[in-house]
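Supplied in structure tokens, the structure appears directly below.
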Amino acid sequence: MKQKTLVLLAVLFGFAALLALLSGSGSVAKGAAPGRAPSEATVPYSGQLSDDLGQPVADGAYAFTFALYDDAQGGNLLWSETQSGVAVTGGTFTTQLGRVAALPTSARADGLWLAVSVRGPDEADFTLLNPRQLIDAAVASAPASPAAAAACAHDHFGELWNGDATGMPAGGGLKISSNYNAIEGVSTGSGVGLQGSSANGAGISGWSTNMIGITAQTNTANFPALMATGWTSTSPALEINGSFHVTDAGIDTDTTVFIHRVNTASGGNLCASQAYSTVIDNPIINSEPGAILIVTPNYGSNTSGVGPAIGIPAVFYDSANTCGKGNNKWVIYNLNGAAQINNSMFNVMVVLP
């Protein structure tokens, strides 16, 4: 079966109640029916299932096995139950722990580990979702709502926070305010550092009054620092309200936005066979025939005080070294046939396949 990952896994408003229940304190966990004994109480539980590409699994009725252990690996099995027909929509599910097999009152209340296995609608076997999730006093003291999190001094690894948008600008499930990095997602394995999804709004929205709203970074080749996905053909993957800025972009820089400057001197970038063409030598687009180049004349000041030749710039991919500047380079040429002028410039924006 395909690999699955359980992200943002949490007992909603239930960690503290679960510990109280298992410690035998006599408290009834949130979600317990009125008059129900503590040993028969249930704990609300929610999570989000993703496939090995980080996308939500297909909607359907899934089966889950939940089990409590006293160790992160191995250890003693303290409780388990299997639930069938749990609805998963958009990768998200909600259920109640203890609705099939009563949660024990004699298990150790601190340092418990929750293991979860899942079986999809068309799958024969369960898949164990690693690692187990620690349920301890630190996690149990987590506030039950974002509004109560202002003075929280510990981390919230593995938690799922739901909100009703109360007091949130334009709605939202979680809001964290900080003088520096409000939210930072880090992954040292093969998972996603930070993931957000919404049925009716933005998956992740960030803003800052003095610095950067959202920053993304990757140290692995061929993996994007930021990935955005539109779930339908009409939903945009990324929307930008404002300017699009590329750091360190400039004249002939190896960035996806740069300024190409014409050099007609011997050994420059003028096409040897076409005086109206200039060759771009940029590692971002060299040997990239599928690249999309958006080119406009740059009439700003330059060393010669002239702008580009009058005409409409167009581009072609020189795979056969027609211009004598090497194979597999992109060329800008004037459609009106006017010769390129030394030091004239073009704005170039690149979209790679």
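What residue, of Thr264, Thr303, Thr296, is over 27 Å from His245 (Cβ atoms), at pLDDT below 95 and among the hydroxyl-bearing types (Ser, Thr, Tyr)?
The conditions single out Thr264.
List the pairs whose first member sits in region 214-237 and is over 17 Å from Pro56 (Cα atoms), whose second member is among the hydroxyl-bearing types (Ser, Thr, Tyr), and whose Cβ atoms are under 8 Å apart, counting only residues at least 6 apart or on separate chains?
Pro224/Thr218; Ala225/Thr218
Among the residues in region 260-268, are any polar (S, T, N, Q) and within 22 Å of Val351 (Cβ to Cβ)?
No - not one qualifying residue is present in region 260-268.
For residues that are free of Cβ contacts under 8 Å to residues at least 24 places away in the same chain and among the acidic types (Asp, Glu), tally how many sit in region 240-271.
Result for region 240-271: 1.
Still on this structure, please answer the following. Tell me, which residue of region 316-353 that is of a type in the set (A, V, I, L, M) and within 22 Å of Thr256 (Cβ to Cβ) is surrounded by the most Cβ atoms within 10 Å (Cβ to Cβ)?
Checked region 316-353; the qualifying residue surrounded by the most Cβ atoms within 10 Å (Cβ to Cβ) is Val348.
The values are calculated or read from the model by the stated rules, or taken from the named source; none is laboratory data. For clarity, every value in this text was computed on a predicted model and none was experimentally measured. Every residue, glycine as well, gets a Cβ built from its backbone with ideal geometry; the counts of neighbours run over all protein chains shown.
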